[in-house]
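S.K.: First, the structure itself, so that you have it in front of you.
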Number of protein chains: 2
Amino acid sequence: MPRPDRPTSPASTSDGAADRPPAGDEGAVTARPRAGLLQIGQVAERTGLSLRTIRFYEENGLVVPTARSEGGYRLYSDADVARLEVIKRMKPLGFSLEEMRQLLTLLADLTVAGAHHREALTDRLRMFHEAATARVGALREQLAVAEGFAATLADRLDRAR
Amino acid sequence: MPRPDRPTSPASTSDGAADRPPAGDEGAVTARPRAGLLQIGQVAERTGLSLRTIRFYEENGLVVPTARSEGGYRLYSDADVARLEVIKRMKPLGFSLEEMRQLLTLLADLTVAGAHHREALTDRLRMFHEAATARVGALREQLAVAEGFAATLADRLDRAR
DNA sequence: ACACAACCTAACCCTCACGTCAGGGAAAGG
DNA sequence: CCTTTCCCTGACGTGAGGGTTAGGTTGTGT
């Protein structure tokens with residue numbers, strides 16, 4: 001079973017991320033190895049996160065790959081990737097990894113419908129929402145300051161032209 | 001020459017920042033020691049920066065206090081404070097300390113009117129302005145993502161209420 | 001003159017979210 | 001066999017500060 005991809009591209013910058021998702025039959029739609037699992041490089045490509053970052057998130061319990069290959073390669077499911085994408089969306093809110101971990105768990109717990117603690121969960125969710133709202137406000141202010149400073153620079157530019 | 005402030009407040013939380021700006025005559029407007037110079041605590045209060053941060057900026061050559069007291073206290077002029085405030089405005093743009101240092105110098109150089117390198121200076125200024133504009137764009141996007149996520153949270157909140 | 005409270009100093013280590021090597025193993029093909 | 005390309009772990013580095021410690025300075029009240 002040979003491999004279709006990489007038709008002789010000898011030079012590369014090094015550890016990049018692209019390629020070799022073993023055995024997708026010729027003309028397959030999207031690279032997909034045996035069990036619908038992606039390896040880290042492909043995940044990085046899809047999410048725009050660095051390999052280091054993805055590993056780091058695992059180290060901190062944020063997204064642990066569903067499986068490992070015999071040789072120890074991390075193998076990510078679509079759900080894993082989705083989790084990573086949620087994290088990406090949270091990032092601008094400036095939550096810490098720990099907070100993100102908690103929020104992820106919380107959201108998962110809430111999705112399990114059968115939660116008896118529903119009340120407590122929504123309470124915690126409300127707190128996260130408040131924190132998020134606060135951060136959004138802070139961000140807005142930062143943006144305003146940034147715009148202001150950029151304007152100042154523009155000013156000095158054509159004042160000194 | 002006695003001091004007006006602190007009319008016997010024995011308990012305090014500790015290192016705060018307020019107080020003893022020596023000898024402002026009774027009923028003075030704003031605390032002012034001898035030569036219109038402020039000590040670090042007062043600067044912190046005015047700028048909203050932490051003592052640590054202000055010292056850190058000095059360590060990195062961003063704002064070196066105009067003077068020191070006999071005993072080694074940092075003494076800041078109004079110009080120093082102004083510099084700190086400029087830094088505060090730059091911060092949301094995500095420049096590194098080094099970049100901010102350069103930009104501060106650049107702006108100062110430009111103000112010295114008599115610059116022969118005016119051209120080169122404005123060129124550098126233009127580059128900073130471009131960087132700033134780029135960052136503003138990035139910030140806007142971050143804000144959008146943040147708002148989006150906050151909305152998602154709000155959604156889950158009343159979907160699960 | 002002395003004690004004192006409030007302020008300051010330098011010097012240290014700690015945190016967070018990664019980046020950056022270094023050295024070695026795995027997957028696939030020639 | 002060898003080569004590529006990808007992946008692994010482990011360890012150290014970085015940026016922008018935070019916190020703590022042990023001690024010096026300043027102005028004041030008595």
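S.K.: How many nanometers, to one decimal and shortest first, lie between the label point of B:Met127 and those of its other copies, if labels sit 7 Å from Cα toward Cβ?
M.R.: Label point to label point, same position, other copies: 4.8 nm.
S.K.: In nm, one decimal, shortest first: how far is the label point of B:Arg159 (7 Å from Cα along Cα to beta carbon) from the matching points in the other copies?
M.R.: 5.0
S.K.: List the residue from chain A whose beta-carbon is nearest to the axis that rotates chain A onto chain B, together with that distance in whole Å.
M.R.: A:Leu143, 3
S.K.: Hey, another quick one. Between region B:92-161 and region A:46-109, how many Å separate their Cα centres?
M.R.: Cα centres, region B:92-161 to region A:46-109: 29 Å.
S.K.: Here is a further query. Work from the charge dipole of region B:94-161 (Cβ charges, +1 for Lys and Arg, -1 for Asp and Glu, about the Cα centre) and give the residue of B:Phe128, B:Ala108, B:Leu143 farthest towards its positive end.
M.R.: Most positive-ward Cα: B:Leu143.
S.K.: For region A:35-149, with only Lys/Arg (+1) and Asp/Glu (-1) charged at the beta-carbon, what is the dipole magnitude about the Cα centre, in debye rounded to 20?
M.R.: Computed charge dipole of region A:35-149: roughly 120 debye.
S.K.: Region A:141-161: which residues show an accessible-area loss of 30 Å² or more, assembly versus chain alone, 1.4 Å probe?
M.R.: A:Gln142, A:Leu143, A:Val145, A:Ala146, A:Glu147, A:Phe149, A:Ala150, A:Leu153, A:Arg156, A:Leu157, A:Ala160
S.K.: Would you mind listing the distances between the B:Glu85 label point and the same position in each other copy? Use 7 Å along Cα-to-C-beta, nm, one decimal, shortest first.
M.R.: Here the equivalent label points are 4.7 nm apart from this one.
S.K.: Then there's this: 7 Å from Cα along Cα→Cβ at both A:Arg140 and B:Thr133: what's the point-to-point distance in nm?
M.R.: Between A:Arg140 and B:Thr133, the label points sit 2.7 nm apart.
S.K.: Also, quick follow-up: Need one number: buried accessible surface between chains B and A, 1.4 Å probe, both sides summed, DNA, RNA and ligands left out, in Å² to 100.
M.R.: Summing both sides, the interface buries roughly 3100 Å².
S.K.: Let me ask something additional. How long are the semi-axes of the equivalent ellipsoid of region B:50-111, taking √(5λ) for every eigenvalue λ of the Cα gyration tensor, in whole Å from largest down?
M.R.: Value: 21, 13, 10 Å, ordered largest first.
S.K.: What nm value, rounded to one decimal, do you get for the distance between B:Thr66 and B:Arg159 when each label is placed 7 Å out toward the C-beta?
M.R.: 5.9
S.K.: Something else now. Quick one: if you stick a label point 7 Å off each Cα along the C-beta vector at B:Thr105 and B:Ser50, how many nm between them?
M.R.: Here the answer is 2.8 nm between the modelled labels.
S.K.: Further question on the same structure: Over region A:40-119, with the other protein chains present, what is the accessible area per residue in square angstrom, probe 1.4 angstrom?
M.R.: Spelled out: the 1.4 Å probe surface of region A:40-119, per residue, equals 53 Å².
S.K.: Hey, how much of the P(r) for region A:113-161 falls beyond 13 Å, as a percent of Cα pairs?
M.R.: 70
S.K.: Between B:Leu97 and A:Asp123, what FRET efficiency comes out of the Förster formula 1/(1 + (r/R0)^6) with R0 = 51 Å and r the beta carbon distance, rounded to 0.05?
M.R.: E(calc), rounded to 0.05, equals 0.80.
The values are calculated or read from the model by the stated rules, or taken from the named source; none is laboratory data. Being a predicted model, the structure only gives us computed values, none of them experimental. Don't worry about glycine lacking a Cβ; one is built from the backbone with ideal geometry, like all the others, and counts go over all protein chains shown. Accessible surface areas use protein heavy atoms only, side chains included; no ligands, DNA or RNA. Shrake-Rupley method; radii C 1.70, N 1.55, O 1.52, S 1.80 Å.
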